[in-house]
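Worksheet for the structure shown next.
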């Protein structure tokens, strides 16, 4: 999974902005419970009076309270006030500006003095028992005195309370709006980063797959590569969208919540430990059950895609052989396996949310139960208990969010591994470090020199000691039984595979020393199975040469005997071609593939049984036109039909991977038993006798 993050380099600025916004949001979320606590403690319970330190006090009252202070305390208090404007002839003392720690000391002094004064007024004796009470209780006990003193000075205490509540409420609203704005921006930016990462990964997978040789394509099935490019990347995108929001934000919120909760009240810290332990046990239990199934899910999706692709591709064959019921069972089996695994994972995960809510509610009850004793004894205030509940809920919610990402992380981790497996695969066939360019005065010279080949991970040779030379303007044909290695020879020339032994040369240069682009630009390849791409007829013919002129396109179509059916279409060369060429016949598709190769005007034409869908008349017409058009090109033809290669300059007969005959058609009829047996299976006795008599007359 970590390897995926290296593809985020282009989003560094956006990720930095996300970090800053998450920090802002976390701070806002953590400050809100503290303000709520102050609203309850100060705004409601204390009527907006913050503490036991009066900002204004009559001099007579200050003198009276000093009687309940030590000399040092009285001196500190006297130094903290200055003479203010008298009210109704009564001198008034005003509090000076001071440091926070000085104000805190003053609060304790006044709280104890006011409590002692009230106690003395109540029973007629002085008492210092207030000094043993908690500071919060002393402050609350002093509030009625402060309120009465402010009333005596003519201040509106109700307005003071209202102003405090409105100010605190305004702060809460501003922080909530700021947190909301930060959250929205984080979501938008996270989605942007995730989408950007998906684009980068898809691009890298595509470029890597395009560079794969046949060996790598055999290693990764087509269905698996499609799954990795779609479903696996989608898993990464969903995970990345929530990654910053949860993986970064949740720990910030949890750590901040613990710190703020302990600042609120340390006596209930054990409750936080209990909640964290309960959640950890729950998550570990659930994921120990679900993790193995998470890893299995993607493999089952691969299997379902493979079966679906095979069925849809071969639907006509399935119908022809009436095997719909069998294929339905095969699909149903793959579908049910995926369903069972998904159901098991979902059933395990359904326990998470109810269990989390049970823990949250249980912890809330435990805090209220424990906090009630603290409130009753004066050790804490109601607002502090409410804040502690909120902080604890934030901590639990952080664990809940982390558990949610833990649901996606295993699948995303598996997907990341599968994506990296494709990206990090090094193709066996790649450009040389120092490509060699063939001389400009040589064109179309192809030579196989003692070439042998076996497929990767196979011990059996497909080709053994193949040697031949084809010159410019020459047509060399290959024929032989099925599995004799004809198509393999064609695949070796453009380096779809590399030879195991020997060397292939084009224009006197080993093709492994040439760049792949330079090599393949010299070749016009027409595959055994014609492939067209969605677009138009013109775009398909220009596939190998985008700058081809209109007259070149038309000439190539005429050579491939495709001009007639193209001109009959309403849009002519702008007529649409459906995906895979499904809106044209097999013969039309094959002629368009031939025309596409002709447009390129290559040095070497490779026809891998490319005339099989053509009737004999069209086949002969295409070959005659090619002979006239490609006078300076080398033509390599693989065919199963004698009629297609009858007039080739040289015919090579393959059997079990070896050349068992070479020569012209008439020569091979006399010298090669394999060729003769093929000819006898395709030609009549009259045609064979005619060829033999022509040989005799020669």
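Output the Kirkwood hydrodynamic radius of the chain, Cα pairs only, in Å rounded to one decimal. Don't skip to the answer; put the middle values down first.
On the way: mean 1/r = 0.0295 Å⁻¹.
Taking every pair of different Cα atoms in the chain, averaging 1/r and inverting gives 33.9 Å.
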Can you bin the stretch 239-354 into rounded, prolate or oblate? Criterion: square roots of the alpha carbon gyration tensor eigenvalues sorted a ≥ b ≥ c, rounded for a/c under 1.5, prolate for a/b above b/c, oblate for the rest.
-> prolate
The stretch 1-46 to the stretch 329-361: how many Å between their Cα centroids?
-> 32
In whole Å, how far is the Cα centre of the stretch 400-440 from that of the stretch 83-116?
-> 71
Using Cα pairs closer than 8 Å and at least 6 residues apart in sequence, work out the relative contact order for the stretch 216-345, in percent.
-> 35
Paramagnetic reach from residue 163 in the stretch 35-56 [backbone N under 13 Å; point 7 Å along Cα→Cβ] | 48-50, 55-56
For the chain, the longest principal axis of the Cα atoms and the Cα long axis of helix 324-350 enclose an angle in degrees, to the nearest 10, of 20
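Residue 15 to residue 521: extension gain in nm, 0.36 nm per residue of separation minus the Cα-Cα distance? Let's see the in-between values first.
Values: separation 506, 0.36 × 506 = 182.16 nm, distance 4.31 nm.
Residue separation times 0.36 nm, minus the Cα-Cα distance, leaves 177.9 nm.
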Can you give the angle from 0 to 90° between the axis of helix 352-377 and the longest principal axis of the chain, with both taken from C-alpha atoms, to the nearest 10?
-> 10
Along each of its three principal axes, how wide is the spread of alpha-carbon positions in the stretch 558-597, in whole angstrom units, largest first?
-> 22, 20, 15
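Can you tell me the mean projection area, over all orientations, of the convex hull of the stretch 527-600's alpha carbons? Units nm², please. Walk me through the numbers on the way to the answer.
Values: hull surface 16.6 nm².
Over every viewing direction, the Cα hull of the stretch 527-600 projects on average to 4.1 nm².
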Apply 1/(1 + (r/R0)^6) to the Cβ-Cβ distance of residue 621 and residue 2, taking R0 = 60 Å, and write down the FRET efficiency to the nearest 0.05.
-> 0.45
With a point put 7 Å past each Cα toward its Cβ, work out how far residue 289 is from residue 195 in nm, to one decimal.
-> 3.8
According to a simple spin-label model (label point 7 Å from Cα along Cα-to-Cβ), what is the distance in nm between residue 339 and residue 673?
-> 5.9
Multiply the residue separation of residue 549 and residue 312 by 0.36 nm, subtract the distance between their alpha-carbon atoms, and state the gained length in nm to one decimal.
-> 81.5 nm
Rounded to the nearest Å, the spacing of the alpha-carbon centers of the stretch 199-225 and the stretch 503-524 is 23
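Between residue 118 and residue 273, what FRET efficiency follows from the Cβ-Cβ distance if R0 is 45 Å, with the result rounded to 0.05? Write out the running numbers ahead of the final one.
Numbers: r = 40 Å, r/R0 = 0.89.
Efficiency for this residue pair is about 0.65.
Would you mind calculating the gained length between residue 104 and residue 433 on full extension (0.36 nm times residue separation, minus the Cα-Cα distance), in nm to one decimal?
Values: separation 329, 0.36 × 329 = 118.44 nm, distance 7.60 nm.
Gain on extension, residue 104 to residue 433, equals 110.8 nm.
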By how many degrees, between 0 and 90 and to the nearest 10, does the Cα long axis of helix 12-38 differ from the longest principal axis of the chain?
-> 30
What Rg and what Dmax come out for the stretch 475-572 when only alpha-carbon atoms are used, in angstroms?
-> 16.9, 52
Based on DSSP H runs of at least 4 residues, each adding -39500 (n - 2.57), what is the mean residue ellipticity at 222 nm of the chain after dividing by all its residues, to the nearest 500 deg cm²/dmol?
-> -20000 deg cm²/dmol
Between the modelled labels at residue 680 and residue 64 (7 Å from Cα along Cα→Cβ) the distance in nm is 13.6
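Where a number appears in this text, it was derived from the coordinates with a stated rule and is not lab data. Every value quoted in this text rests on a predicted model; they were computed, and no experiment measured them. With ideal geometry, Cβ positions are generated from the backbone for all residues, glycine too; neighbour counts draw on all protein chains shown.
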